[in-house]
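Okay, structure first, notes after.
The values are calculated or read from the model by the stated rules, or taken from the named source; none is laboratory data. Remember, predicted model here, so these are calculated numbers, not experimental data. Every residue, glycine among them, receives a Cβ derived from its backbone with ideal geometry; neighbour counts consider all protein chains shown. Each accessible area value is taken on the protein alone, full model and side chains, heavy atoms only, with ligands, DNA and RNA left out. Shrake-Rupley method; radii C 1.70, N 1.55, O 1.52, S 1.80 Å.
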Amino acid sequence: MSDSDHKPVTTPAAKPGVSYIEWGAIFAGAVVAGALTVVLTQFGAGIGLATADPTLEDGLTWGIFLVGLWLVLIPFASASAGGYVAGRMRSHFGDGTEDESEFRDGIHGIVVWALATVAMGLAAGFSAAVSSAMAPAAADPEVSAEMMQLMQSASTITAFAAGAGAVLGAAGAWFAALAGGNHRDEGIAISAFRGPFFRRTQP
């Protein structure tokens, strides 16, 4: 057996001044994730999932559960879409092992998720600040202690759902970026995911 069979697999270092982080692909993925978040939020508002009424006699109803579920699905779907775009659009340098290439794709997905999360958080905070300044809330003396506890429970549920959605969004962005990078390397055409009615026909 020759010594060449025992050569360690090494990853060449990046050239000076060259970064493996491609901000163009990351910003593209973050824009897609942000736009999809806005669309899904508007869709949820349209079907009544944006808000739920915790003041019903039944207490915490299925409406609160559906709101929480929607708050989990929105960041997961949005971050996954953005992560796929970043992984698919990232340049493959061809100078790393398969594991290293997957790691770089996944990191691009995580950065897309982080950038979109920060941007949406700042936008939500700014919107809340403007709304509070224009219409300051006043205490309602008619609200009972039981109702306040019910509303607090609903707020806790939605906050937990938002946190769980953020964690699942990070995971979705990572694995979607891996899938995008894998499709890029294998040269899988987008036409493979389109139905026959959406394919371009030859004249």
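Just name the residue that is modelled with the lowest pLDDT out of those in the stretch 1-31 that are assigned to a helix (DSSP H, G or I) and small (Gly, Ala, Ser).
Of the stretch 1-31, the ones assigned to a helix (DSSP H, G or I) are 3-6, 23-31.
Among the residues that remain, those that are also small (Gly, Ala, Ser) are: 4, 24-25, 28-30.
Working: Ser4: 48, Gly24: 93, Ala25: 94, Ala28: 96, Gly29: 96, Ala30: 95.
My answer is Ser4.
Name the one entry in Met120, Met89, Met134 that is over 25 Å from Ser155 (Cα atoms) and either modelled with pLDDT under 80 or open to solvent by 40 Å² or more (accessible area, probe 1.4 Å) (or both).
Every option except Met89 fails the conditions.
Residues are listed down the side, and each one gets a yes or a no for (1) exposed (fewer than 14 other Cβ atoms within 10 Å of the Cβ); (2) on the phi > 0 side of the Ramachandran plot; (3) modelled with pLDDT of 85 or more:
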| site | (1), (2), (3) |
| --- | --- |
| Ala33 | no, no, yes |
| Val39 | yes, no, yes |
| Gln42 | yes, no, yes |
| Ile47 | yes, no, no |
| Glu57 | yes, no, no |
| Thr61 | no, no, no |
| Pro75 | no, no, yes |
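Which of the following residues is assigned to a helix (DSSP H, G or I) and closer than 23 Å to Gly169 by Cβ: Ala114, Ala129? Full working, then the answer.
Working: Ala129 fails: closer than 23 Å to Gly169 by Cβ.
Result of the check over Ala114, Ala129: Ala114.
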